[in-house]
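Since the structure comes first, as structure tokens, the remarks are kept for the end.
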Amino acid sequence: MKVVLFCGGQGMRLRDYSEKVPKPMVPVGPRPILWHVMKYYAQYGHTDFILCLGHHAEPIKRFFLNYEEAISNDFVLREGGREIEMLASDIHDWTITFVDTGLNADVGERLLAVRDYLEGDEVFLANYADGVTDLDLAAYIAEFEATGKTASLLGVRPPQSYHVVNVDEAGEPLGVGPIGGTDLWLNGGYFVFRNEIFDFLEQDDDLVDGTFNLLIGKGELHIHRFDGWWSPMDTF
């Protein structure tokens, strides 16, 4: 399946790291978060990527145009560096389509901008490209396909560090407890879509706030609730 990655946003929550480095290129170890997300999908056999670019697209393009496989793979160096024999490879079978989807576009607009690249694909995957997980992707996709619905999102638990306060109608507290103990679920940013999603998307329509609520009203949105490990990149 093709994987659409939304990596053209402004990255406002990470501006404290750098004004020149887009959020998907913030490093986690020797590789940017974008590479880790792509590597996750590749481990499940999904190696055809469509990058929805916008803000600071050039660093993302240059990273792959000047890709150094030796950074994350074993190799043998000979003749003082004049000869390098790679013992493993990681992106040799990846196909990456780079698409300018607008500087200030929202997620729905970016998805519409790459519609032509998904023609003929009955089901495809999508991601915000800024969070990692140990989700069993194959099981998630199989569950979605069995529902017959148009779209699915990954529901994850809120961070345990927060506490919620229950109050009565007068504003008086009734109790305080960890947010993880509530029935709240967050949008984890891992999506599965049927191509019919484009029948519900309109120009200037936000994917989550707009289209997803429309899908809910028609019984076409599935949620896969996941209690496992999931970590978003909200701060450096």
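Selection over the stretch 188-207 of residues that are within 17 Å of LEU154 (Cβ to Cβ) and in contact with a helix residue (DSSP H, G or I) (Cβ under 7 Å, 6 or more places away or on another chain) gives a count of 2. In the stretch 21-42, of all residues being open to solvent by less than 20 Å² (accessible area, probe 1.4 Å), under 27 Å from ILE141 (Cβ atoms) and of a type in the set (Val, Ile, Thr), the one that is modelled with the highest pLDDT corresponds to VAL37. With respect to the stated conditions, ASP74 fails to be of a type in the set (Asp, Glu) and crowded, with 16+ Cβ neighbours inside 10 Å. Restricting attention to the stretch 83-100, the residues that are surrounded by 11 or more Cβ atoms within 10 Å (Cβ to Cβ) and within 20 Å of the chain's Cα centre (by Cα) add up to 8. For the stretch 212-222, the set of residues classified as open to solvent by less than 90 Å² (accessible area, probe 1.4 Å) and out of contact with any helix residue (DSSP H, G or I) (no Cβ under 6 Å at 6 or more places or on another chain) consists of PHE212, LEU214, LEU215, GLY217, GLY219, GLU220, listed by residue number.
Scan LEU77, LEU53 and give me the residue that is modelled with pLDDT of 90 or more, of a type in the set (A, V, I, L, M, F, W, C) and farther than 26 Å from GLY188 by Cα.
When all the criteria are applied, what remains is LEU77.
Filter the stretch 1-20 for residues that are outside any strand (DSSP E or B) and open to solvent by less than 50 Å² (accessible area, probe 1.4 Å); which is modelled with the lowest pLDDT? So the residue we want is GLY11. Of the numbered criteria (1) open to solvent by less than 50 Å² (accessible area, probe 1.4 Å); (2) under 30 Å from THR211 (Cα atoms); (3) of a type in the set (Ser, Thr, Tyr), the one TYR67 fails is (2).
When the strands (runs of 3 or more DSSP E) confined to the stretch 101-202 are screened for residues that are of a type outside the set (D, E, K, R), open to solvent by 40 Å² or more (accessible area, probe 1.4 Å) and without any contact (Cβ under 8 Å) to a residue 24 or more places away in the chain, those reaching at least 1 such residues are found at 163-167, 173-178. What about ASP209, is it acidic (Asp, Glu), open to solvent by less than 40 Å² (accessible area, probe 1.4 Å) and either within 20 Å of LEU112 (Cβ to Cβ) or at pLDDT 90 or above (or both)? Criteria not met by ASP209.
Take the residues in the stretch 50-64 that are touching a helix residue (DSSP H, G or I) at 6+ places or on another chain (Cβ under 6 Å) and in a strand (DSSP E or B), then tell me which one is surrounded by the most Cβ atoms within 10 Å (Cβ to Cβ). Among residues in the stretch 50-64 that are touching a helix residue (DSSP H, G or I) at 6+ places or on another chain (Cβ under 6 Å) and in a strand (DSSP E or B), the one surrounded by the most Cβ atoms within 10 Å (Cβ to Cβ) is CYS52. For the stretch 203-236, how many residues meet the condition of being closer than 23 Å to GLY120 by Cα, touching a strand residue (DSSP E or B) at 6+ places or on another chain (Cβ under 7 Å) and in a helix (DSSP H, G or I)? Residues flagged as closer than 23 Å to GLY120 by Cα, touching a strand residue (DSSP E or B) at 6+ places or on another chain (Cβ under 7 Å) and in a helix (DSSP H, G or I) within the stretch 203-236 amount to 2.
For the stretch 72-100, the set of residues classified as in contact (Cβ under 8 Å) with a residue 24 or more places away in the chain and touching a strand residue (DSSP E or B) at 6+ places or on another chain (Cβ under 7 Å) consists of SER72, TRP94, THR95, ILE96, THR97, PHE98, VAL99, ASP100, listed by residue number. Within the stretch 223-236, the only residue that satisfies the criterion of being open to solvent by 70 Å² or more (accessible area, probe 1.4 Å), of a type in the set (A, V, I, L, M, F, W, C) and touching a helix residue (DSSP H, G or I) at 6+ places or on another chain (Cβ under 9 Å) is PHE236.
The values are calculated or read from the model by the stated rules, or taken from the named source; none is laboratory data. In this text, all values refer to a predicted model and were calculated from it rather than measured experimentally. No Cβ is skipped: glycine too gets one built from the backbone with ideal geometry, and neighbour counts run over all protein chains shown. Just so you know, the surface numbers come from the protein's heavy atoms only, side chains and all, with ligands and any DNA or RNA stripped out. Shrake-Rupley method; radii C 1.70, N 1.55, O 1.52, S 1.80 Å.
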